[in-house]
Amino acid sequence: MVEPTTEFKTERLFINMGPQHPSTHGVLRLGLTIEGERVIEVFPDVGFLHRGIEKLAEKRTYVQLIPLTDRLDYLAAMSNNLAFVLAVESLLEVEISRRASYIRVIVAELSRLASHLVWLGSFANDLGASTPLLYCFREREDILDAFEVLCGARMTFNYVRFGGVARDVTPEFVDKCRRFLETFDKRVDEYERLLTNNPIFLSRTKGVGILSREDAISYAASGPMLRGSAVTWDLRKDAPYLVYPEMDFIIPTGSVGDVWDRYIVRIVEMRQAARIIRQALDGLPEGDFKAKLPRALKPAKGEAYSRVEAPKGELGFYVISDGTTSPYRVKIRAPSFINLAAILAMTKGALIADLVAILGSIDIVLGEVDR
Amino acid sequence: MSIELLRLIWIFLPQLLPWPLYELGVMAVAFLGVIFFMILMVLFMVWFERKIIGHIQVRIGPLHTGGWHGWAQSIADTIKLFLKEDIIPRGVDKPVYILAPLVVFVSTVVVYVVIPFSEKLVARDINMGILFVFAIGSVATIGIFMAGWGSNNKYSLLGAMRVAAQIVSYEVPLLLSVLGVLMLAQTLSLKGIVEAQKHVWYVLLQPLGFAIYVIAGIGEVNRLPFDIPEAESELVAGFHTEYSGLRFAFFFLAEYANMFVMSAMATVLFLGGWHGPILPGFFWFVGKAFFFMFFMVWLRGTFPRLRVDQMMSFCWKVLLPLAFLNLLVTGLVMSVLK
């Protein structure tokens, strides 16, 4: 007798998601093997935006390199400037003023807000809610306006320099920031009203794309990805730099490590970043905004690694100096790139729609992934 | 004198003309009228939606084309679509690919023939109009599936499979919710249903039925939060990824025309059709339908998209039992009151 077959066999399909696809956020290509709607295998293919920034670094002077770092994570260029400058400064052994430190904290946190706002908007858009995208860009516009007042540029700033910052903070900038911060918390409430408790949003994010604590650590995930998986780890607290120890803020963590946890971690982080900026603006000391340095920078022979908590995670610059005007080697630890690898652990048995949500929740910027 | 003559000609015209000519002429006039009305409606609807969604999203929406609030924007878009090069990709299944937009378009237009815009303004009042609407309307599903299959594109195929699954399942609660109204009105004619609501709209007698109709109706026309077949962030453009120019325009037209059909049916079945004080019936009808349209746009501005499996389980596990419950209660109350 023939056993009745209960299993329905279907053919597996290979589809290319990207490099031109609305929700791969740039030129990421995902090779998907699917069975119906279910994703069997994901193969992230990176490198379409490779510009060889690390190699270019060997042929440029240190000062010329700062604008190149703007092009890494172009949504939070201040953090990139900062990480690179900190690495070189530890070779130069230069003392920076407290005022410069405060300004750096302000711009880095504003950058975090700008980056998280873009993330929130595009993540919501990936889930089909198109309205938060425009709300978020409205707020981001205020931040970019403030940056424009500060340094003339809106996205690629070249603002954080060796020994301090390029220009001093003007009262106009402080004013713009304060006015922005006045309404910002209410605006975040608005986003939360649209998303946080929306049953459709919850059903799309709760329990989807779970990254366990162990996996998160073994994939070396960092930033909101790591904190979403219930690991309390933030460089601003755990390896403090600048004047962060003087600031009062909390590190939000998730509980299970699903998409929703990463979402709420970033939402709380936005509120905390606004808090930090307020404190820094209040406590902004007088003093020099830039230390005197020789025109031709020749850091001492040696190597330095510095890391900052960028919006996407731990951004590290490893710089080897041979005592000349350009570095011997620069290695960038890009958080987006390393976080992206964890997609393999998160998409087991996911649907295509889940994959979009998961990819959105990683928050990648291809400029940084491909460098 | 001459007016009298014209009146005589008008009365005896059917006898004067050879047999099929008069009938065909009437049909042609009705059909042209329907098409003209539909295209006008869709053009307005597209502009209306863009303005509404723009204001919801703190934007302004179209503003320049035509002067006043960009009223000519959708006309300009249509002309652009009509003038575009007609591209048929090399790998497609040609007959299926070409036929698909027509199937979708025609099956949508035909439905307009039975919609009673006012007491007099209905192209054809069929005595089983409601069945006609839903039967013809579901033919469009086949057209959409043809588009997805014929495009020879994996994203289109996925979109087409989703359409088939979605529309087939959402049709069940949709029709069940309509059944309650039919039981109350004791007729299948759309005109008859509206006339039965002269004193009280069925939305008051059938609130649950109305809720089910609205949800299933939005699922039926693939609007957010049920726009799964063409989920942009997942499937690029779903079944019409490979279509451009005129053929795309047909899909677009059909989609919006279909939205209007859903709104019009909501008006006929639950909101009292053309009934309303002072204004002529036609304005009431279109006004009510556009309120429903506004509701759909509002939803689009607020909600994220459901996932395909969640949407299916919502349909079968929530909507369908509720629709049966609605039917049961309606029947019980009616037999008790008898």
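The values are calculated or read from the model by the stated rules, or taken from the named source; none is laboratory data. Note that the structure is a prediction, hence the values are computed from the model and not measured. Cβ: placed from backbone, ideal geometry, glycine included. Neighbour counts: every protein chain shown.
Table for the structure above
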read-out	value
Enumeration of residues in segment A:217-245 that are part of a loop (DSSP other than H, G, I, E, B) and crowded, with 23+ Cβ neighbours inside 10 Å	A:Ala221, A:Ser222, A:Gly223, A:Ser229, A:Asp234
Residue ID - surrounded by the most Cβ atoms within 10 Å (Cβ to Cβ), chosen from residues in segment A:176-216 that are hydrophobic (A, V, I, L, M, F, W, C) and within 15 Å of A:Arg262 (Cα to Cα)	A:Leu211
Cβ pairs under 7 Å, 6+ apart, first in segment A:254-283 and aromatic (Phe, Trp, Tyr), second surrounded by fewer than 22 Cβ atoms within 10 Å (Cβ to Cβ) and not in a helix (DSSP H, G or I)	A:Trp260/A:Lys206
Verdict on B:Glu234 being more than 12 Å from the chain's Cα centre (by Cα), without any contact (Cβ under 8 Å) to a residue 24 or more places away in the chain and crowded, with 19+ Cβ neighbours inside 10 Å	yes
Meets criteria (within 14 Å of another protein chain (Cβ to nearest Cβ) and either not in a loop (DSSP other than H, G, I, E, B) or not aromatic (Phe, Trp, Tyr) (or both)) for B:Val286	no
Scan of segment B:124-143 for residues that are outside any helix (DSSP H, G or I) and closer than 22 Å to B:Gln186 by Cα, ordered by number	B:Arg124, B:Asp125, B:Ile126, B:Asn127, B:Met128
Close pairs (8 angstrom Cβ cut-off, 6 or more residues apart or separate chains): within 11 Å of another protein chain (Cβ to nearest Cβ) and crowded, with 18+ Cβ neighbours inside 10 Å in segment B:39-58, charged (D, E, K, R) and in a helix (DSSP H, G or I) anywhere	B:Ile53/B:Arg300
Residue within segment B:153-162 that is part of a helix (DSSP H, G or I), more than 14 Å from chain A (Cβ to nearest Cβ) and buried (at least 17 other Cβ atoms within 10 Å of the Cβ) present	no
Residue in segment A:35-42 that is under 26 Å from A:Ser115 (Cα atoms) and part of a loop (DSSP other than H, G, I, E, B) present	no
Options B:Leu5, B:Leu17; residue that is modelled with pLDDT of 80 or more and over 20 Å from the mean Cα position of the chain (by Cα)	B:Leu5
B:Thr330 vs. criteria within 24 Å of B:Met128 (Cα to Cα), in a helix (DSSP H, G or I), under 17 Å from the mean Cα position of the chain (by Cα) and modelled with pLDDT of 85 or more	no
Residue that is free of Cβ contacts under 8 Å to residues at least 24 places away in the same chain, part of a helix (DSSP H, G or I), within 14 Å of chain B (Cβ to nearest Cβ) and among the basic types (Lys, Arg), where the choices are A:Arg193, A:Arg140	A:Arg193
